[in-house]
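Structure first, commentary second.
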Amino acid sequence: MAASAHADTALRQVVCLIGGVSLADEAAQSRIAEFKAALTKLGWAEGRNMSIVIKSSEGDPEKRRQLAKELVALKPDVIVTSSTFETAAVARETKTIPVVFSTATDPVASGFVQSLARPGGNITGFSTNGPAMAGKWLQLLLEAAPGRHPIGVMFNPETAPGAGAWYMAELKAPASEAEVEIVPLPVTAPEEIEGAIARFATSSSPGLILIPDSFTVTHRARIIAAVNAHRIPAISPYRYFVTAGWLMSYGGALEEPGKQVAIYVDLILRGANVAELPVQTTRKFELAINARTADALQLTLPAALLARADQIIQ
């Protein structure tokens, strides 16, 4: 039975700012439904004791800033953000309203929290796919496609955490050890994607890494189509890229992320101090491989790699 919710007759308000995808996006709808269902189980029901406002910046920096201002002006009880950039936009507007991020890259370096164990301010949440993952992406890509050189890293410096520099820095040592060149592929507009990939495809035997970035998530269909058209093996942190035709993904997997965020929202609504709610990091990582794409790229994937995969799309 659901726990009894806040006794006050006034509706508690939760606002959500997501980025990188529209509210009509299938993945976004699934995550929102999971979040709302979890809140219902915790005793919070829209229209009865809670109101929920959800907005998306759709990866637009100016829209993100404006929506952050508008949502903070509502003076909600809790703000939920979907990524590093949405969290940063909200953090610039309030130092008092509790904020829960569903994912953020290196929240300490981003200035959101003092430490993971004790955030110390008005922001906490969940962290996956930080810069330390970059070396693992390179390792897996070279395992799937040995001898690839150079390796491109595509990102939008206006939307990628640390403008992409955090991940590029983490790639230096493993790239040197593997004796491969890392080539940054910055893009700042959708129409630049195909050209950047086409030019990079003229390299001897290229491979590609996508780092966490709301821009590349928003425009993933264009990126996947261009990468596959030029037969470039590629890896990203996100499994839903693989189900859409990307070669492989490896990333942190929070179990029921919508439920996890709902639990923190519930705790805050019931009086918990956000400054003392620790940032939770993923303990589970998932490897997904699209075998059909591997065949199209004429790759013979090692049996040891396939044996470690959590999901193989045939």
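The values are calculated or read from the model by the stated rules, or taken from the named source; none is laboratory data. Note that the structure is predicted; figures quoted are calculated from it, not measured. Here the Cβ is made from the backbone with ideal geometry for all residues, glycine too, and neighbour counts use every protein chain on show.
In table form, for the structure just shown:
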read-out: All positions within segment 302-314 that are assigned to a loop (DSSP other than H, G, I, E, B) and either within 23 Å of Ala253 (Cα to Cα) or touching a His at 6+ places or on another chain (Cβ under 9 Å) (or both); value: Ala309, Asp310, Gln314
read-out: Residue under evaluation Gln260, criteria (1) within 19 Å of the chain's Cα centre (by Cα); (2) modelled with pLDDT of 95 or more; (3) under 30 Å from Val113 (Cβ atoms), criterion not met; value: (2)
read-out: Among residues of segment 132-152, those that are at pLDDT 90 or above and touching a helix residue (DSSP H, G or I) at 6+ places or on another chain (Cβ under 7 Å), counted; value: 10
read-out: Scan of segment 261-289 for residues that are assigned to a helix (DSSP H, G or I) and acidic (Asp, Glu), ordered by number; value: Asp266, Glu276
read-out: Set Val217, Val187: member being touching a strand residue (DSSP E or B) at 6+ places or on another chain (Cβ under 7 Å) and hydrophobic (A, V, I, L, M, F, W, C); value: Val187
read-out: Candidate set from segment 41-56 (those that are assigned to a loop (DSSP other than H, G, I, E, B) and of a type in the set (A, V, I, L, M, F, W, C)); member that is modelled with the lowest pLDDT; value: Ala45
read-out: Top-ranked residue of segment 290-301 - restricted to ones that are in a helix (DSSP H, G or I) and of a type in the set (A, V, I, L, M), ranked as farthest from the chain's Cα centre (by Cα); value: Ala296
read-out: Meets criteria (touching a Cys at 6+ places or on another chain (Cβ under 6 Å) and under 15 Å from Gln13 (Cα atoms)) for Ile79; value: no
read-out: Any hit, segment 69-82, residues being over 25 Å from Ala189 (Cβ atoms), crowded, with 17+ Cβ neighbours inside 10 Å and of a type in the set (Asp, Glu); value: yes
read-out: Strands (runs of 3 or more DSSP E) fully within segment 121-198 counting 3 or more residues that are surrounded by 17 or more Cβ atoms within 10 Å (Cβ to Cβ) and touching a residue at least 40 places away in the same chain (Cβ under 8 Å); value: 123-127, 151-155
read-out: Residue in segment 20-30 that is surrounded by fewer than 23 Cβ atoms within 10 Å (Cβ to Cβ), hydrophobic (A, V, I, L, M, F, W, C), at pLDDT 95 or above and assigned by TED's automatic domain parsing to the domain that holds Val261 present; value: no
read-out: Lone qualifier among Ala109, Ala117, Ala104, Ala38 - being assigned to a helix (DSSP H, G or I) and either under 24 Å from Ala163 (Cβ atoms) or touching a residue at least 40 places away in the same chain (Cβ under 8 Å) (or both); value: Ala38
read-out: Residue, surrounded by the most Cβ atoms within 10 Å (Cβ to Cβ), within segment 232-259, restricted to residues that are in contact with a Ser or Thr (Cβ under 7 Å, 6 or more places away or on another chain) and among the β-branched types (Val, Ile, Thr); value: Ile235
read-out: Residue satisfying all of: in segment 212-231; modelled with pLDDT of 95 or more and buried (at least 24 other Cβ atoms within 10 Å of the Cβ); farthest from Ala89 (Cα to Cα) among these; value: Val227
read-out: Count of segment 141-184 residues which are within 28 Å of Leu301 (Cβ to Cβ) and among the polar types (S, T, N, Q); value: 1
read-out: Sole residue being within 30 Å of Val80 (Cβ to Cβ), touching a Phe, Trp or Tyr at 6+ places or on another chain (Cβ under 9 Å) and assigned by TED's automatic domain parsing to the domain that holds Thr81, chosen from Gly271, Gly258; value: Gly258
